Amino acid sequence: MPAHIIDGKAFSAGLRARLADEVKGLAGRGLVPGLAVILVGEDPASQVYVRSKERMAREAGMASTTYRLPAETTQAELDALIGRLNADEAVHGILVQLPLPAGLDPHRVVEAIDPAKDVDGLHPVSVGNLASGAPALVPCTPKGCMMLLRDVLGDLTGARALVVGRSNLMGKPMGQLLLAANCTVTVAHSRTRDLAEECRRADILVAAAGRPLMVKGDWIKPGATVIDVGINRLPPEPGQEKGRLVGDVDFDAAKEVAGAITPVPGGVGPMTIACLLDNTVEAACRMAGVERGR
Ligand code: NDP
């Protein structure tokens, strides 16, 4: 039987609608969650992401401000802006869009953000909180993957989970979240010896390597739940301007074996911004000492 196709687009729309309701309730009590996004330079993909973040934050009823700075911005100027936003009580979440232009140090920038406002979950304090099981602002894409997994599987206790990729943004926090959900976790990477065999053992397979169609259908354990984080553009076919977007998993083959699988596009991708909004509401509530309704 073909796999259940996990509809991240619909889940994300539902989550954003629930957040809009929650924000309306908070605003009625005088708390309007505020998100500040900083974009340095002209990277076209970053411009698209930042516009979507601003639009969706506004649609959810939040206060959203984007700071567009020239590529020549100095580290001191960027530090000064982050310092002002840290001190601004109307701002609950601060996100610096990465990658930064050459000459700016992403580690220093992330560390300058007040951990209480670190809605990207990349500050060392957030990373430490997640690793030690303390309440944490969690990186948005792995958080979105967990929401989809819980929606499909409910309790994940005891499942054998494999994460392919060990980046700070995705693979490592994903491993931590699965561990916290009582999975038995393996994290694979480019030096893993027999990736196919590791995959075949996994009840839950999260692919985040950035390698188009790398995970083959016969690498999937029958009935497994497959979360494909990869977003890769193939070279264009003759006569086409743009190549097709594909994940890290060979979807057509994998869906014949898996129990459930996310498509690309329309799976994990739409979850990331929804989780950014969720983190912003979370940060605002924590700062105001308000308990969230769910
Ligand atoms: P990185 O390039 O930072 O990390 C890739 C990881 O995959 C590394 O740990 C690398 O191993 C591992 N890897 C690379 N090749 C192989 C291989 N052949 N076998 C096993 N492991 C391999 O990428 P990100 O984590 O930032 O992103 C991963 C993918 O997810 C990308 O396609 C990206 O576009 C997508 N993405 C999607 C998001 C969304 O849906 N909103 C958000 C974030 C990312 P090593 O450490 O050994 O080099």
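What follows draws every value from the coordinates through simple rules; no lab data is involved. No experiment lies behind these values; they were computed from the predicted model shown. Note that we place each Cβ from the backbone using ideal geometry, even for glycine, and neighbour counts take in every protein chain shown.
Summary of computed values
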| quantity | calculated |
| --- | --- |
| J(HN,Hα) series, segment 90-98, from Karplus relation 6.51 cos²θ - 1.76 cosθ + 1.60, nearest Hz, glycine and proline x | 7, 9, 10, x, 10, 10, 9, 5, 9 |
| Residues ALA10 and GLU256, FRET efficiency given R0 of 22 Å [Cβ-Cβ distance, rounded to 0.05] | 0.45 |
| Residues with amide H under 5 Å from that of VAL164, placed H, sequence gap 5 or more | ALA188, VAL206, ALA207, ALA208 |
| Gyration tensor verdict on segment 213-294 (Cα atoms; rounded if a/c is under 1.5, prolate if a/b is larger than b/c, oblate otherwise) | oblate |
| CD proxy at 222 nm, helix term only [per DSSP H run n ≥ 4: -39500 (n - 2.57); per residue of the chain; nearest 500] | -12500 deg cm²/dmol |
| Approximate spin-label separation GLU77-HIS107, in nm, with each point projected 7 Å along Cα-to-Cβ | 2.5 |
| Cα gyration tensor shape of segment 30-114, rounded if a/c is under 1.5, else prolate or oblate by comparing a/b with b/c | oblate |
| Qualifying trypsin sites (Lys or Arg not before Pro) for segment 1-67 [loop in DSSP, other Cβ within 10 Å: at most 13] | ARG29 |
| Relative contact order (%) - the chain, alpha-carbon pairs under 8 angstrom, separation at least six | 22 |
| The chain: angle of helix 75-87 to the longest principal axis, Cα-based, in degrees nearest 10 | 80 |
| Most mobile of ALA45, ALA112, ALA181 in a GNM of the chain (Cα contacts under 10 Å) | ALA45 |
